[in-house]
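> Have a look at this one before I ask anything.
The values are calculated or read from the model by the stated rules, or taken from the named source; none is laboratory data. Here the structure is a predicted model, which means the values were calculated and not measured. Note that we place each Cβ from the backbone using ideal geometry, even for glycine, and neighbour counts take in every protein chain shown. These accessible areas exclude ligands, DNA and RNA; they are computed on the full protein's heavy atoms, side chains included. Shrake-Rupley method; radii C 1.70, N 1.55, O 1.52, S 1.80 Å.
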Amino acid sequence: MKIIKATDYNDMSRKAALIISAQIINKPNSVIGLATGSTPLQTYNYLIDLYKKGDLDFNQVTTFNLDEYYGLTKLNKQSYYYFMQDKLFNHININPNNIHIPDGTNQNVEQECLKYEKSILDAGGIDLQLLGCGHNGHIGFNEPSEVFFTDTHLVNLTESTIQANKRFFESEDDVPRKSYTMGIKTIMNAQKILMIVSGESKKEIVKKAFFGPVTPKIPASILQLHRDFTLVVDEDAFSHCE
Ligand code: F6R
């Protein structure tokens, strides 16, 4: 586990964007796993800047998003599909055929999960997976549990995740209760994992996840066992660890 300390959110985002861009420069046809949420927003802005300056080319890049709400269509502004188009894909030269996000409208759960796993395998596996960290230590939507989940699956979101995500919806009732998510095994199979964490509200979970025991009760803790895991964390989020 490599820990890179950043001064603040902006510094964390710049460092993360540089790590992702180094991956793409080294391997132009990289397969990159992406996350939604608030944390990666500025990282995506930096990647867009690098593209606009001519320093980064997404033409051959393939992406797989971690998760998608169950039941939301691509046109729904709260869907992760919409989020990714709006925050990143519409602003770079990625080939739309190379973008993969679970289909939240597919009610055939088994088919959707198998299809997603197969697409990742067919693409040659994920080279670099970007992750944020939930306040309860979730990664993707792998919530705290008694066992580590394996492949892509449909998950019931916990009350704490529903509360954390309701800020994006008109009312709490509108927050979907289920989501497709890559599993822990899917995530751990990535060649490299890059997690970004920022802000005081994450300081307790950073300490528990990376300076405590590996346990499915804190899903992010499993990243300690990954062979090439980098945590880029800002001072506020790291403040309990020193
Ligand atoms: C999003 C995702 C989630 C978020 C996590 C942190 O695709 O998989 O695990 O990374 O909920 O969210 P933020 O960044 O909003 O604190």
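> Let me confirm something: among A16, A22, which residue is closer than 24 Å to T186 by Cα and away from the ligand (no atom under 16 Å from the Cβ)?
When all the criteria are applied, what remains is A22.
> Also: Using beta carbons and a limit of 8 Å, which pairs, at least six apart or on different chains, have the first residue in the stretch 145-171 and over 28 Å from L225 (Cα atoms) and the second one within 11 Å of the ligand (Cβ to nearest atom)?
N165/L157
> Right, K208: within 24 Å of I4 (Cβ to Cβ) and in contact (Cβ under 8 Å) with a residue 40 or more places away in the chain or not?
Spelling it out, K208 is indeed within 24 Å of I4 (Cβ to Cβ) and in contact (Cβ under 8 Å) with a residue 40 or more places away in the chain.
> Tell me yes or no: at least one residue of the stretch 77-85 is surrounded by 18 or more Cβ atoms within 10 Å (Cβ to Cβ), in contact with a helix residue (DSSP H, G or I) (Cβ under 7 Å, 6 or more places away or on another chain) and among the aromatic types (F, W, Y).
No, there is no match, as no residue in the stretch 77-85 is surrounded by 18 or more Cβ atoms within 10 Å (Cβ to Cβ), in contact with a helix residue (DSSP H, G or I) (Cβ under 7 Å, 6 or more places away or on another chain) and among the aromatic types (F, W, Y).
> Oh, and also: L128 - would you say it is without any contact (Cβ under 8 Å) to a residue 12 or more places away in the chain and more than 14 Å from the ligand (Cβ to nearest atom)?
It is false that L128 is without any contact (Cβ under 8 Å) to a residue 12 or more places away in the chain and more than 14 Å from the ligand (Cβ to nearest atom).
> From (1) within 16 Å of the ligand (Cβ to nearest atom); (2) open to solvent by less than 60 Å² (accessible area, probe 1.4 Å); (3) in a loop (DSSP other than H, G, I, E, B), pick out the condition that doesn't hold for F148.
(2)
> Oh, and also: Using the structure shown, decide if L114 is farther than 29 Å from S171 by Cα, among the hydrophobic types (A, V, I, L, M, F, W, C) and open to solvent by 60 Å² or more (accessible area, probe 1.4 Å).
yes
> Considering only the stretch 40-71, state which residues are within 16 Å of the ligand (Cβ to nearest atom) and open to solvent by 20 Å² or more (accessible area, probe 1.4 Å).
Answer for the stretch 40-71, where residues must be within 16 Å of the ligand (Cβ to nearest atom) and open to solvent by 20 Å² or more (accessible area, probe 1.4 Å): L41, Q42, N45, Y46, Y70.
> When residues of the stretch 6-35 are filtered for being open to solvent by 20 Å² or more (accessible area, probe 1.4 Å) and in contact with a Phe, Trp or Tyr (Cβ under 6 Å, 6 or more places away or on another chain), how many remain?
Number of matching residues: 1.
> In this structure, is D173 modelled with pLDDT under 95 and more than 15 Å from the ligand (Cβ to nearest atom)?
It is true that D173 is modelled with pLDDT under 95 and more than 15 Å from the ligand (Cβ to nearest atom).
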